[in-house]
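S.K.: Mind looking over this structure? Questions follow.
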Amino acid sequence: MKTKAELEADLSKYTEVLFAMSAALDDDLDNLFDDLFDDEPEDDFDPAADSAAETLELMGINWLLVTQAVSGDGSRSSYDQIPKSLDFFTVVLQAPDRWFRHMFRMGRDMFDRLVMMLSHDPIFQSRGRKPQRHIKYQLGCFLVRYGLRGCDSLDTAQKLSIGHGTVFLYCKRVSRALRKLGVRYVKFPNEGRQEVISDGIEEKSGFPGCIGSADGSLIRFTEQPLGEYGHMFLCRKKFFGEALSYIKKTNVQATVDHERRITSYELGWPGIHIFTIHYSAI
């Protein structure tokens, strides 16, 4: 008979395997970004791989809930034991703009506009009898989890008073919908547009022949990525008071035109790499 700790360890490993398999299939779908000039980006999705990735992730979420629900005697406890506030999200949506920006990392007008743009994606249409929660709740969950530093999935569930597994489900839907919007709207300018951008930058700064500005940033990790090359994500920046001398990060860089519209982006490079590597690849 296995102990409670051994049972939890086995369940955790099984859950990690399911999430890893789902992520691997999602990586295969990243060829979506290989052609930013595709007029119909939705056709680039592989329905079979997409469905398999979603199924594996949902299985992982279910096993994650099982792992968390195991009580001291090895039996499952009630799912709804934790008290929840049903008014939190409603109150936050009505908060002053400064508080709204602090929570969701964007203004109220942009939030409402993004909700409207996402509302046309079929991923937010329920396939079963139980309807989905409104898109604003799912987008809010995504922004809280990925917009606030140090806000993990459990913290997001506590803030928004939703189930822990629901956090993964909401973030998955929003991530896929945003990827489709990214392919549709983020495109490197053609020759005609490059002339317009160059003229606009020269008019504002006097700098000729420039078709955009570029900058990069570091995204901080809470722990070292798994695998043989996890150490490559150690960045050059130090933080006072940290137990580790270097912090694990990944790079992200983007280019914008004279109207501050993003025209290209690159992310996922290990934190050990400097941004000039990204610029030389453009």
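S.K.: What is the distance in Å between the Cα centroid of the range 104-147 and that of the range 172-216?
M.R.: 25 Å
S.K.: For residue 153 and residue 130 in the same chain, what is the full-extension length gain: residue separation times 0.36 nm, less their Cα-Cα distance, in nm?
M.R.: Computed gain between residue 153 and residue 130 is 5.9 nm.
S.K.: When you count, for each residue, the other Cβ atoms within 10 Å and take the mean per peptide, how do 104-113, 89-98, 126-135 rank with the highest first?
M.R.: For the peptides 104-113, 89-98, 126-135, the packing ranking is 104-113, 89-98, 126-135.
S.K.: Which entries in 136/180; 136/172; 130/180 show an alpha-carbon gap greater than 20 Å?
M.R.: Correct reply: 130/180.
S.K.: Something else: Taking the mean number of other Cβ atoms within 10 Å as a proxy for protection, how do you rank 136-142, 119-125 from highest to lowest?
M.R.: 136-142, 119-125
Rule-based calculations on the coordinates, nothing more; no lab input. Computed from a predicted model, the values in this text were never measured in an experiment. Note: ideal-geometry Cβ built from the backbone for every residue, glycine included; neighbour counts use all protein chains shown.
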